[in-house]
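Undergrad: Structure incoming, see below.
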Amino acid sequence: MRIAVLGGGPGGLYFAALVKQLDARHDITVWERNAADDTFGFGVVFSDETLGGIEHADIEVFQAMSREFARWDDIDVHRRRTTFTSGGHGFAAMSRKRLLAILQARCASLGVQVRFRTEAPDVAALAAGNDLVVAADGANSLTRMEYAATFRPNLERRRCKYIWLSTDLVFDAFKFYILDTPAGIMQVHGYPYSDRASTFILEMHEDVWRRAGFTEAPGLVPGQSDEASIQRIRDLCAEVLDGPSGGKHSLFANNSRWTTFTTIRCQTWRHENVVLLGDAAHTAHFSIGSGTKLAMEDALALAACLHEQDSMDGALAAYEAERRPVVASTQRAAQASLEWFENLGQYADQDPHQFAFNIMTRSRRVTYDNLRLRDPEFVAGMDEWFAAGQEDARAACPPMFQPFRIGRLELANRVIVSPMDMYSARDGVPGDFHLVHLGSKALGGAGLVMTEMVCVSPAGRITPGCTGIYTGGQEESWRRVVGFVHGKTRAKIGIQLGHSGRKGSTKLMWEGMDDPLPDGNWEVCGPSSIPYQAGSQTPRELSLAELDEIRGQFVAAARAAARAGFDLLELHCAHGYLLSSFLSPLTNRRTDRYGGSLAARLRYPLEVFDAIRAVWPEERPMTVRISATDWHPDGLDIDDTVEIARAFAEHGAAGIDVSTGQVVSDEKPAFGRSYQTPYADRVRNEIGTKYGIAVIAVGAISSYDDVNSIILAGRADLCALGRTHLYDPQWTLHAAAEQEYAGPGAVWPDPFAAGSRRPAAGRTDGPRPRLELIRAGMPRTAHARWRPEPVEQDDAP
Ligand SMILES: Cc1cc2nc3c(=O)[nH]c(=O)nc-3n(C[C@H](O)[C@H](O)[C@H](O)COP(=O)(O)OP(=O)(O)OC[C@H]3O[C@@H](n4cnc5c(N)ncnc54)[C@H](O)[C@@H]3O)c2cc1C
Ligand SMILES: Cc1cc2nc3c(=O)[nH]c(=O)nc-3n(C[C@H](O)[C@H](O)[C@H](O)COP(=O)(O)O)c2cc1C
């Protein structure tokens with residue numbers, strides 16, 4: 001094959017060497033505009049996992065790289081003169097210049113032609129004259145622009161400024177230095193890459209950068225560094241560079257200047273016989289150290305697919321199919337990490353312990369369990385710190401089992417069963433189904449169980465199957481549910497009150513969510529006459545008198561809920577239902593006092609809140625669920641949400657439950673693991689801690705590891721889990737069993753105690769359950785009553 005490779009960076013060179021190695025008959029030319037020894041940047045990082053792949057693909061390259069590596073295990077977080085060390089991370093770094101030299105030498109020895117100082121010819125001409133064109137021409141790829149109509153790239157310029165330098169201070173770990181400066185917080189990412197030097201990247205939000213008086217240096221020519229900025233950085237970072245040993249260290253530049261990171265994604269990486277590789281196809285923020293790794297892994301995959309597949313088309317398709325999910329996952333983690341750094345200012349006052357755990361778990365890929373495996377002492381120290389900070393300091397344990405107080409309501413742990421409409425009521429009356437559903441969730445160990453959205457009137461229902469609390473019969477049935485929860489479980493139970501607004505009069509979820517009923521529709525209403533989606537009923541704009549009437553329905557429902565004995569009341573101001581649709585500018589176009597500015601759009605939901613707060617028993621807390629973003633460019637975003645949360649906090653809310661979306665049908669949500677948590681995080685940092693109110697995270701939080709990570713990092717006080725509880729109603733008890741936790745944060749109901757451990761499979765552990773029961777504090781009489789069946793035993797306990 002004749003192959004043209006555009007770009008002699010790590011991706012292009014490694015690909016060329018691998019393909020030539022697999023079949024020496026290939027005729028491969030690499031075009032590189034720079035000289036062989038020109039390069040930007042300093043050190044590049046590899047994880048042990050990537051190195052494993054490189055070792056197997058080309059042992060010579062691997063061995064040459066290994067001779068260069070600076071290796072370390074620790075990540076040090078330096079915050080306010082305290083250092084936290086997390087071990088077990090296993091990284092290696094080397095100089096980018098040396099990496100390129102190794103790859104260049106390998107290409108030369110294999111017979112790959114590398115044309116340095118040569119601009120690549122026009123890509124269309126290359127494509128016509130070669131079997132394959134590999135565009136490894138970096139983040140500013142001309143190839144990507146040339147075929148933009150096919151690749152459909154998305155370039156997202158981010159909000160931090162950074163500069164890539166090096167220092168002769170040889171760090172002994174990966175370092176994060178978090179610096180408080182008069183302009184705001186800045187961070188240094190540092191790591192050693194040889195026995196003489198470390199990479200030193202200074203990064204900050206562009207607002208901090210501007211306040212600090214930095215500017216884009218005018219008139220810099222390629223190859224020239226921004227010396228004026230570097231001189232200032234030397235002074236700013238004196239506490240890092242001058243070191244405790246008293247030595248003064250220098251900063252070095254290499255074409256170093258302020259840069260803004262751009263996340264690049266492409267819809268496809270292939271155009272006929274042209275394929276994108278490395279930074280040309282995708283970028284991942286350097287804070288998770290993965291750009292070179294991704295480029296080299298791409299090279300590996302492409303070389304292997306070309307070798308394995310019979311056709312060029314098949315090979316390129318297989319390459320993209322193999323790499324795309326891996327890249328997407330890395331980009332998700334890198335994006336979470338870069339957004340975390342963009343919002344660093346919100347953690348200015350966070351305790352250094354929590355901050356250290358927070359920064360370690362910022363990408364959401366590294367978690368509580370993951371860190372515990374790597375360095376049990378680090379996590380044990382964090383657990384102890386967290387336990388000591390609780391109101392009635394408890395013994396250290398997984399953070400999810402620490403108690404919590406919303407207002408005056410004491411919860412046994414940090415888990416909430418999220419409100420979930422079951423669409424299973426007749427005439428709004430919760431029946432046996434609801435008793436069993438909510439009762440089993442309460443038996444399952446969660447600290448708080450929420451009802452579904454309970455509607456304040458027949459017209460306020462979403463579907464004919466929704467529950468209400470606007471009749472005596474409904475109230476009575478709810479009292480039965482509450483009575484069971486209070487009588488038989490340790491859980492607390494909250495009611496969520498809402499009105500469907502323009503999203504009402506629709507089919508049961510499994511018959512067609514948000515679709516109007518085939519017949520028997522009732523009229524829907526909203527702040528403005530804007531239907532939810534094509535085919536939806538057009539809502540009637542509510543008059544002032546009707547607003548008064550609905551407010552009154554909320555008040556009556558709250559009184560009934562109080563009589564039924566609920567411990568907590570949540571006002572549903574999310575997901576596009578009536579109160580939510582007052583908040584969003586997309587659904588509220590009113591010109592009276594309830595529409596217009598955010599303050600005006602907040603007015604009606606706040607009036608409803610105040611009216612309920614006035615009748616809801618003072619000692620029982622009220623929370624508010626909000627959609628923190630409409631996932632729409634013209635809708636509510638997190639800045640508005642902070643103000644909404646502030647308003648409710650000032651009106652007496654004891655907690656904010658932070659969900660997102662479902663307000664408009666043309667939303668574009670960015671789903672992913674714990675994807676709504678950054679919104680809770682911001683609300684907690686700006687409102688929760690300031691007003692002393694609880695913040696609840698929700699949304700695709702599915703593992704106890706995620707809950708522990710979120711709580712310990714301070715991203716939320718409580719986690720609400722929805723679908724996970726449908727999968728496993730005893731999720732909290734199972735989480736306790738799996739973490740070998742047997743304290744007050746998750747107590748098995750006495751009748752279930754016999755099942756308080758995972759059933760033995762294959763082998764049996766014989767009498768061991770008894771010991772666990774004793775540890776769990778089960779009364780002796782219960783032991784006497786419970787006798788394990790003798791089971792086949794292949795191992796002595
Ligand atoms: C501040 C910073 C820190 C980073 N830290 C790390 C890190 O610690 N670890 C890590 O793994 N990655 C890191 N990266 C990312 C890393 O530098 C890139 O992701 C990686 O180099 C991508 O490799 P590549 O081969 O795809 O592209 P590049 O390395 O950008 O190579 C592209 C090459 O193509 C050449 N070229 C482009 N157009 C043409 C043309 N028309 N004709 C001829 N030649 C052309 C360029 O001169 C260049 O040499 C960092 C990046 C930045 C900005
Ligand atoms: C079947 C079902 C019904 C739901 N009904 C409600 C509801 O009545 N009120 C509400 O605020 N959220 C409702 N939600 C949203 C959940 O409370 C939760 O926010 C969402 O499912 C995301 O959490 P999860 O990923 O843990 O499931 C519902 C979700 C499901 C799956």
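The values are calculated or read from the model by the stated rules, or taken from the named source; none is laboratory data. Not measured: the values here are computed from a predicted model. Cβ placement follows ideal geometry from the backbone for every residue including glycine, while neighbour counts extend to all protein chains displayed. Calculation scope for accessible area: heavy atoms of the full protein, side chains included, ligands and nucleic acids excluded. Shrake-Rupley method; radii C 1.70, N 1.55, O 1.52, S 1.80 Å.
Undergrad: Report the residue count in the stretch 414-432 for those that are touching a helix residue (DSSP H, G or I) at 6+ places or on another chain (Cβ under 9 Å), more than 16 Å from ligand 2 (Cβ to nearest atom) and within 20 Å of Ile493 (Cβ to Cβ).
TA: So the count comes out to 2.
Undergrad: Restricting attention to helices (runs of 4 or more DSSP H) lying wholly within the stretch 1-90, give those where 2 or more residues are closer than 20 Å to Ala197 by Cβ and of a type in the set (Gly, Ala, Ser).
TA: 59-66
Undergrad: For residues that are closer than 21 Å to Leu411 by Cβ and in a helix (DSSP H, G or I), scanning just the stretch 644-660, find the one that is nearest to ligand 1 (Cβ to nearest atom).
TA: Here the residue is Ala645.
Undergrad: For the stretch 624-643, give me each residue that is within 22 Å of Gly722 (Cβ to Cβ) and either out of contact with any His (no Cβ under 7 Å at 6 or more places or on another chain) or within 16 Å of ligand 1 (Cβ to nearest atom) (or both).
TA: Restricting attention to the stretch 624-643, the residues satisfying the condition of being within 22 Å of Gly722 (Cβ to Cβ) are 624-631, 636, 638, 641.
The answer is Val624, Ile626, Ala628, Thr629, Asp630, Trp631, Leu636, Ile638, Thr641.
Undergrad: Further, regarding this structure: Filtering the stretch 548-561 down to residues that are open to solvent by less than 20 Å² (accessible area, probe 1.4 Å) and out of contact with any His (no Cβ under 9 Å at 6 or more places or on another chain), which residue is nearest to Arg461 (Cα to Cα)?
TA: Out of the qualifying residues, it is Ala557.
Undergrad: Within the stretch 452-472, how many residues turn out to be within 29 Å of Val747 (Cβ to Cβ) and in contact (Cβ under 8 Å) with a residue 60 or more places away in the chain?
TA: 1
Undergrad: Being touching a Ser or Thr at 6+ places or on another chain (Cβ under 8 Å) and either away from ligand 1 (no atom under 14 Å from the Cβ) or part of a loop (DSSP other than H, G, I, E, B) (or both) narrows it down to one residue among Thr199, Thr150; which is it?
TA: From the options Thr199, Thr150, the qualifying one is Thr150.
Undergrad: Go through the stretch 237-248 and give me each residue that's surrounded by fewer than 19 Cβ atoms within 10 Å (Cβ to Cβ) and modelled with pLDDT of 90 or more. Let's see the steps before the verdict.
TA: Step one: filter the stretch 237-248 for residues surrounded by fewer than 19 Cβ atoms within 10 Å (Cβ to Cβ), giving 238-239, 242-248.
Correct list: Ala238 only.
Undergrad: Looking at the stretch 249-269, which of its residues are open to solvent by less than 80 Å² (accessible area, probe 1.4 Å) and either at pLDDT below 85 or assigned to a loop (DSSP other than H, G, I, E, B) (or both)?
TA: Within the stretch 249-269, His249, Ser250, Ala253, Asn254, Asn255, Ser256, Arg257, Trp258, Thr268, Trp269 meet the criteria.
Undergrad: Would you tally the residues in the stretch 46-67 being modelled with pLDDT of 90 or more and not charged (D, E, K, R)?
TA: The total comes to 7.
For every residue, the table says whether it meets (1) within 10 Å of ligand 1 (Cβ to nearest atom); (2) closer than 30 Å to Val123 by Cα.
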{"residue": "Gly12", "(1), (2)": "yes, yes"}
{"residue": "Ile28", "(1), (2)": "no, yes"}
{"residue": "Asp38", "(1), (2)": "yes, yes"}
{"residue": "Ser47", "(1), (2)": "yes, no"}
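Undergrad: When you look at Ala574, is it on the phi < 0 side of the Ramachandran plot, open to solvent by 40 Å² or more (accessible area, probe 1.4 Å), small (Gly, Ala, Ser) and touching a helix residue (DSSP H, G or I) at 6+ places or on another chain (Cβ under 9 Å), yes or no?
TA: Answer is no for this residue.
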